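The values are calculated or read from the model by the stated rules, or taken from the named source; none is laboratory data. None of these values were measured; they are calculated from a predicted model. Side chains included, ligands, DNA and RNA excluded: accessible areas come from the protein's heavy atoms. Shrake-Rupley method; radii C 1.70, N 1.55, O 1.52, S 1.80 Å.
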Amino acid sequence: MALKHEPPTTPYHSAQEALRVLETVARISTGITDADLARHTGIGPERLTALLRMLRREGYVEQIADGAYVTGETLARLGSAQHREQALRDKLQHTLDRLRDSVGAAVYMSRYVDGEISVTQYADSPATPKVNEWVDFRSSAHATAIGKSLLTQLDHAGRRDHLARHKMARLTSRTITSDRLLLSRLESQPPTVPVLDLQEYAVGTVCAAVPVTAGSSVGCLALSLPVEHAHRLRQAADALNRNAAPVLLSMAI
């Protein structure tokens, strides 16, 4: 399986910039001011302020009494080999919970591993229930925002291989069952635009997904809404995309 080469997305740039900031903070254990950070990283003051706000909120850096920045508890936990996997899951869950509340929708983290789709974590609530998985997500990539987002991150051969192993069943009247049509749409999908599912997987549910790929790890963030909230879908998807950087960051550390 090969990744399709695409230009990096805005969340990717944010995560890369945040890593530069973290690397600089970690090198200077006594603390570093925002002015020195700007000088060392080359990141402009306005952009740096936004990054530091995000890094403080996520616990990656802390501000000490004199205003300088030092590494935070989250970075220490994720940087430790012991219990790192559980620490990463806990961190991702905390981030997903925050995203659920900010976009007002159930939110999902999914990965493409060994040729199959896996929803690894999600955050829902009574007010934002998760979608009813009435057909296994592993066999319905052609109809879900999650599946289509993951497939867009593969090369053409990888997509054809997946579709050859999973029959494109018609799940609703809106489901695409032509592999030629689906492959054409995946090929033309802009990498920075959320992938949508408009009642293709389940009647009464609309979904959106954005890529969160770090290195060779193919993943995506997704959300689902009842169809009566479809008017909020694009706005919620854009908000999800703008706030994907903390997820990418935790994957990269």
- Message: Checking the cross-link filter: which aspartates and glutamates have an alpha carbon closer than 18 Å to that of LYS148, excluding same-chain neighbours under 8 positions apart?
- Response: GLU6, ASP114, GLU116, GLU133, ASP136, ASP161, ASP179, GLU187, ASP197, GLU200, ASP238
- Query: Around VAL131, which amide H atoms from residues at least 5 apart in sequence, or from another chain, sit under 5 Å from its own amide H, with H modelled in the peptide plane?
  - Reply: none
- Would you list which aspartates and glutamates come within 18 Å of LYS91, measuring only between C-alpha atoms, while excluding same-chain residues fewer than 8 positions from it? GLU58, GLU62, GLU73, ASP101, ASP124
- Let me know the shape class of the stretch 1-144, please: from the alpha-carbon gyration tensor, a ≥ b ≥ c as square roots of the eigenvalues, rounded when a/c is under 1.5, otherwise prolate if a/b is greater than b/c, or oblate. prolate
- Query: Scaled to the compact-protein estimate 2.2 N^0.38 Å, what is the alpha-carbon radius of gyration of the chain, rounded to two decimal places?
  - Reply: 1.07
- How much mean residue ellipticity at 222 nm does the chain get from its helices, if each DSSP H run of length 4 or more adds -39500 (n - 2.57) and you divide by all residues, to the nearest 500 deg cm²/dmol? -13500 deg cm²/dmol
- Task: With an 8 Å cut-off on Cα pairs and a minimum separation of 6 or more residues, tell me the relative contact order of the stretch 115-253 in percent.
- Result: 21
- Tell me, what is the percent relative contact order of the chain, built from C-alpha pairs under 8 Å that lie six or more residues apart? 21
- Message: Rounded to the nearest percent, how much of the accessible area of the chain (1.4 Å probe, protein heavy atoms only) is carbon and sulfur?
- Response: 51
- Within the chain, which DSSP H helices have Cα atoms that stretch 20 Å or more along the helix axis and a mean Kyte-Doolittle hydropathy of at least -0.5? 10-27
- Item | Cα point-scatterer Debye curve for the stretch 146-225, base-10 log of I(q)/I(0) at q = 0.10, 0.14 Å⁻¹ | -0.23, -0.46
- Message: At 1.4 Å probe radius, can you tell me the per residue accessible area of the chain in Å²?
- Response: 49
- Provide the solvent-accessible area of ASP34, counting protein heavy atoms only and rolling a 1.4 Å probe, rounded to the nearest 10 Å². 80
